[in-house]
Amino acid sequence: MGINIVHRRRDKEAQVLAPIDRLLDDLAVCLDRLATLSATKADMAVLGELRRRIKQAAKASPLPIGTVVAAIEAYERTALPDDYVTKLAADTSGEILQLCRQQGAGVEAVRAAIDAVQGLIKPLLNK
């Protein structure tokens, strides 16, 4: 009887954690695509949708998923203006180049947050 209870609890945990793990995998794929771009707000539209879904999932999970959401929001603040190419030619202060650098750092911060949360999820799913 005791073994069955443990298995049911693990099954319930897996039912909650598996969709979150899939969302984080989707986010990683999206980040890989964005990492190859100088991302504008239009490019980050898919990322915003994933952020909303992850934020919703965070409410049902005891895991520190809020760190992923915070990292995504910080990355979204580095979005380049849609006309950044023309602004880049006239940018003497280096503001556009600084945003590009921040995007690279933002991608790595989100990836680190994903890895940290998935590091907690994977052992629970593999039991």
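The values are calculated or read from the model by the stated rules, or taken from the named source; none is laboratory data. Owing to the predicted nature of the structure, the values given are computational and were not obtained by experimental measurement. Cβ sites come from the backbone with ideal geometry, for glycine too, and all protein chains shown count toward neighbours. All accessible areas refer to the heavy atoms of the entire protein, side chains included, with ligands and DNA or RNA removed. Shrake-Rupley method; radii C 1.70, N 1.55, O 1.52, S 1.80 Å.
Observations
- Note on region 73-85: residues that are open to solvent by 20 Å² or more (accessible area, probe 1.4 Å) and within 14 Å of the chain's Cα centre (by Cα) total 4.
Residue by residue, here is whether (1) modelled with pLDDT under 90; (2) polar (S, T, N, Q); (3) not in a helix (DSSP H, G or I) holds:
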{"site": "Val6", "(1), (2), (3)": "yes, no, no"}
{"site": "Asp21", "(1), (2), (3)": "no, no, no"}
{"site": "Ala28", "(1), (2), (3)": "no, no, no"}
{"site": "Asp32", "(1), (2), (3)": "no, no, no"}
{"site": "Leu37", "(1), (2), (3)": "yes, no, yes"}
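- Flag if Leu88 is surrounded by 14 or more Cβ atoms within 10 Å (Cβ to Cβ), part of a helix (DSSP H, G or I) and of a type outside the set (Lys, Arg): yes
- Enumeration of residues in region 74-84 that are over 11 Å from Ala109 (Cα atoms) and either of a type in the set (Phe, Trp, Tyr) or outside any strand (DSSP E or B) (or both): Glu76, Arg77, Thr78, Ala79, Pro81, Asp82, Asp83, Tyr84
- Annotation: of all residues in region 105-115 being surrounded by 14 or more Cβ atoms within 10 Å (Cβ to Cβ) and of a type outside the set (D, E, K, R), the one that is nearest to Ile72 (Cα to Cα) is Val110.
- Pairs, first without any contact (Cβ under 8 Å) to a residue 12 or more places away in the chain in region 73-90, second open to solvent by 80 Å² or more (accessible area, probe 1.4 Å), C-beta under 9 Å, six or more apart: Lys87/Glu95; Leu88/Leu97
- Residue count for region 56-68, restricted to those that are surrounded by fewer than 18 Cβ atoms within 10 Å (Cβ to Cβ) and part of a helix (DSSP H, G or I): 4.
- Residue match in region 46-53 (condition: under 18 Å from Ala105 (Cα atoms), of a type in the set (A, V, I, L, M, F, W, C) and touching an Asp or Glu at 6+ places or on another chain (Cβ under 7 Å)): yes
- Identity of the residue in region 26-72, under 9 Å from the mean Cα position of the chain (by Cα) and in contact (Cβ under 8 Å) with a residue 60 or more places away in the chain, that ends up farthest from Val117 (Cα to Cα): Leu31
- The number of residues in region 91-100 that are touching a strand residue (DSSP E or B) at 6+ places or on another chain (Cβ under 9 Å) and either open to solvent by 40 Å² or more (accessible area, probe 1.4 Å) or of a type in the set (Ser, Thr, Tyr) (or both) comes to 1.
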